[in-house]
Number of protein chains: 2
Amino acid sequence: MDYSLSFKVNEKIYLRDPESTELGKQIVKNAIDLIHTLGFEHFTFKKLAKEMNTTEASIYRYFENKHRMLLYILNWYWSYMEYLVVFQLQPLANSKAKLERLVELLTHPLEESEGQADYNKQFLHQIVITESSKVYLVKEVKEINENAVFKPYKDLCARISELIQSHNPAYEFPHSLSSTLIETAHSQLFFSQHLPKLTDAGKKNKTEFVARYLKDLLFKSLQA
Amino acid sequence: MDYSLSFKVNEKIYLRDPESTELGKQIVKNAIDLIHTLGFEHFTFKKLAKEMNTTEASIYRYFENKHRMLLYILNWYWSYMEYLVVFQLQPLANSKAKLERLVELLTHPLEESEGQADYNKQFLHQIVITESSKVYLVKEVKEINENAVFKPYKDLCARISELIQSHNPAYEFPHSLSSTLIETAHSQLFFSQHLPKLTDAGKKNKTEFVARYLKDLLFKSLQA
DNA sequence: TATTAATAATAGTATTACTATTAATCAAAA
DNA sequence: TTTTGATTAATAGTAATACTATTATTAATA
């Protein structure tokens, strides 16, 4: 198979493809750093422009607003995760091993070696945990969804569904369990970091804890 | 036992107790309606003031900002849910029946008859589904949490934990499963309404679907 | 070299979030 | 009853944010 490791995100998300110019690439790279530092609410195009010595208007030529920029970043992440799910799990022996590896992919930050883009993967993972739900928990979700901009998330969910169904074809809720796995990975990681009383995590090994919890949840759900 | 059905929310959340004046009560009531209509991002104090024929500054005398106002509304909801969990489940025969009723409380909008405040319960439930995660998924979560303003959520979570532990004392993740139940109720209801491909819900009976899914998840997790 | 096209920077505006100050109301003390 | 003090709300702002129209600059092509 011939494939290139670049994830083309839906054209509707940007005004101008950030991958097409050096400035565009720098905007996305610096945006990931700054959203991680400030949080999405405090992140503005003006601050980003100052940070990278360009102008606000130049950034607006690539993205309509910061919400679309976040959506672009998350689309990249979801596409990349789908890629990992497809190609990293394929060689594994059985559906149990595949599902276990899947949980590790969802809970552990991406490794720096994986992928080609020089985005900070640690930061990206933290952004996914803290900010991802903000792209769909909005009044405009219907109009946004019409441009298929959530397709990478749905595709990832569909892939996980396939794994679930191949492990237990009789299971009634493969899609819901998939999205629950993804969302719960995020919420439990966030809670274990910031509101630990909402979890059973200890002071350390929070990632391991969440992985253990999700595996328990997943395999018990899929028991015959 | 002597109790009154008014949920005193943490004083740190407001500048002036909205329950203490007629204007304060009207502000909260109208805020619920307007957040539901506009979504939290588009909701502003200026719009709320115009809606109810008062001034922006008057609202600022009660709440520092709209984030605190949302926190106030959610605290009221979480306290009310804990009340329902304690007093509605208590008469039920066994832990299985209690957990089943719990899932129904989490997934179904509050009934208008329940509680005393004349908040729109349908709107409130929809706000909880769509907006609740926005109060903790922020950079300032640590400072916010220091004032114990998430205590009602943690208390609710602790109550559910007790139910879980009484059903299966050996279960390893009672708190995480509790928060997962709450969060998943919200995310699956949202997805079934707006991004149905992320679920296995059909065109109708979405609430029933989510309840069925959560019960399956819960009881399989708690199997010995 | 002149012309056109692409790109970025300047300089705005409208809205939002928030606050300092002033005005109005009301209750208690003189 | 009037005066004072305290509480409350409204006016009129400011700083920051989100976004855009226009101008300037650079690069490509005729």
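Only one of these is part of a helix (DSSP H, G or I) and within 25 Å of B:ILE164 (Cβ to Cβ): A:LYS197, A:LYS154, A:LYS204, A:LYS142. Name it.
Going through A:LYS197, A:LYS154, A:LYS204, A:LYS142 in turn, just one is part of a helix (DSSP H, G or I) and within 25 Å of B:ILE164 (Cβ to Cβ): A:LYS197.
Just to verify a result, which residue in the stretch B:50-98, among those that are of a type in the set (A, V, I, L, M) and within 30 Å of A:VAL141 (Cα to Cα), is farthest from DNA strand D (Cβ to nearest atom)?
Per the stated criteria, the residue is B:MET81.
With A:TYR60, A:TYR72 as the choices, which residue is touching a Pro at 6+ places or on another chain (Cβ under 9 Å) and either away from DNA strand C (no atom under 16 Å from the Cβ) or at pLDDT below 95 (or both)?
A:TYR72
Got a sec? Which of B:SER166, B:SER176 is within 13 Å of another protein chain (Cβ to nearest Cβ), in a helix (DSSP H, G or I) and either within 29 Å of A:GLU162 (Cβ to Cβ) or modelled with pLDDT of 95 or more (or both)?
Matching residue, one of B:SER166, B:SER176: B:SER176.
Just for the stretch A:17-44: of the residues that are near DNA strand C (Cβ under 9 Å from one of its atoms) and surrounded by 14 or more Cβ atoms within 10 Å (Cβ to Cβ), which one is farthest from A:ASP155 (Cα to Cα)?
A:LEU23
Could you say which residue among B:LYS47, B:LYS29 is out of contact with any helix residue (DSSP H, G or I) (no Cβ under 9 Å at 6 or more places or on another chain) and more than 11 Å from DNA strand D (Cβ to nearest atom)?
Exactly one of B:LYS47, B:LYS29 is out of contact with any helix residue (DSSP H, G or I) (no Cβ under 9 Å at 6 or more places or on another chain) and more than 11 Å from DNA strand D (Cβ to nearest atom), namely B:LYS29.
Checking the structure you have, find out if any residue of the stretch B:108-119 is closer than 21 Å to A:LYS197 by Cβ, out of contact with any Gly (no Cβ under 8 Å at 6 or more places or on another chain) and buried (at least 22 other Cβ atoms within 10 Å of the Cβ).
no
If we scan the stretch B:4-27, do we find a residue that is free of Cβ contacts under 8 Å to residues at least 24 places away in the same chain, closer than 28 Å to B:LYS139 by Cβ and not charged (D, E, K, R)?
No, there is no match, as no residue in the stretch B:4-27 is free of Cβ contacts under 8 Å to residues at least 24 places away in the same chain, closer than 28 Å to B:LYS139 by Cβ and not charged (D, E, K, R).
Among the residues of the stretch B:119-126, is there at least one that is at the interface with chain A (Cβ under 9 Å from one of its Cβ atoms), touching a helix residue (DSSP H, G or I) at 6+ places or on another chain (Cβ under 8 Å), of a type outside the set (A, V, I, L, M, F, W, C) and within 23 Å of A:GLU131 (Cα to Cα)?
no
Can you pull out every residue in the stretch B:150-160 that is surrounded by fewer than 22 Cβ atoms within 10 Å (Cβ to Cβ) and within 11 Å of another protein chain (Cβ to nearest Cβ)?
B:LYS151, B:LYS154, B:ASP155, B:ALA158
Kindly evaluate A:THR54 against the criterion of being surrounded by 13 or more Cβ atoms within 10 Å (Cβ to Cβ), within 23 Å of A:THR107 (Cα to Cα) and either within 13 Å of DNA strand C (Cβ to nearest atom) or hydroxyl-bearing (Ser, Thr, Tyr) (or both).
It is false that A:THR54 is surrounded by 13 or more Cβ atoms within 10 Å (Cβ to Cβ), within 23 Å of A:THR107 (Cα to Cα) and either within 13 Å of DNA strand C (Cβ to nearest atom) or hydroxyl-bearing (Ser, Thr, Tyr) (or both).
Could you please give the count of residues in the stretch A:134-164 that are in contact with a helix residue (DSSP H, G or I) (Cβ under 6 Å, 6 or more places away or on another chain) and farther than 14 Å from A:ILE73 by Cβ?
Final tally of qualifying residues: 12.
Exactly one of (1) more than 14 Å from chain B (Cβ to nearest Cβ); (2) within 16 Å of DNA strand C (Cβ to nearest atom) is unmet by A:LYS66. Its number?
Going through the list (1) more than 14 Å from chain B (Cβ to nearest Cβ); (2) within 16 Å of DNA strand C (Cβ to nearest atom), A:LYS66 breaks only (1).
Quick check: anything in the stretch B:66-73 in contact with a helix residue (DSSP H, G or I) (Cβ under 6 Å, 6 or more places away or on another chain), of a type in the set (Lys, Arg), within 21 Å of B:GLN26 (Cα to Cα) and in contact (Cβ under 8 Å) with a residue 24 or more places away in the chain?
Taking every residue of the stretch B:66-73 in turn, at least one turns out to be in contact with a helix residue (DSSP H, G or I) (Cβ under 6 Å, 6 or more places away or on another chain), of a type in the set (Lys, Arg), within 21 Å of B:GLN26 (Cα to Cα) and in contact (Cβ under 8 Å) with a residue 24 or more places away in the chain.
Does the stretch B:195-211 contain any residue that is buried (at least 17 other Cβ atoms within 10 Å of the Cβ), in contact (Cβ under 8 Å) with a residue 24 or more places away in the chain, out of contact with any Asp or Glu (no Cβ under 7 Å at 6 or more places or on another chain) and not β-branched (Val, Ile, Thr)?
There is no residue in the stretch B:195-211 that is buried (at least 17 other Cβ atoms within 10 Å of the Cβ), in contact (Cβ under 8 Å) with a residue 24 or more places away in the chain, out of contact with any Asp or Glu (no Cβ under 7 Å at 6 or more places or on another chain) and not β-branched (Val, Ile, Thr).
When both residues are 6+ apart or on different chains and their Cβ atoms are under 6 Å apart, which pairs have a first residue that lies in the stretch B:151-174 and is not hydroxyl-bearing (Ser, Thr, Tyr), and a second that is not in a helix (DSSP H, G or I)?
Taking only residues 6 or more apart or on different chains, the pairs are B:HIS167/B:LEU222; B:ASN168/B:LEU222; B:PHE173/A:ASP200.
Give me the residue from the stretch A:179-190 that is surrounded by fewer than 24 Cβ atoms within 10 Å (Cβ to Cβ) and either of a type in the set (A, V, I, L, M, F, W, C) or without any contact (Cβ under 8 Å) to a residue 12 or more places away in the chain (or both) and, out of that set, nearest to the other protein chains (Cβ to nearest Cβ).
Looking at the filtered set, the residue picked out is A:PHE190.
Going by the structure shown, is A:LYS47 more than 13 Å from DNA strand C (Cβ to nearest atom) and either among the acidic types (Asp, Glu) or crowded, with 17+ Cβ neighbours inside 10 Å (or both)?
Answer is no for this residue.
The values are calculated or read from the model by the stated rules, or taken from the named source; none is laboratory data. Since the structure is predicted, the reported quantities are computational estimates derived from the model, not experimental observations. A quick note on method: Cβ atoms are made from the backbone with ideal geometry, for glycine too, and the neighbour counts reach across all protein chains shown.
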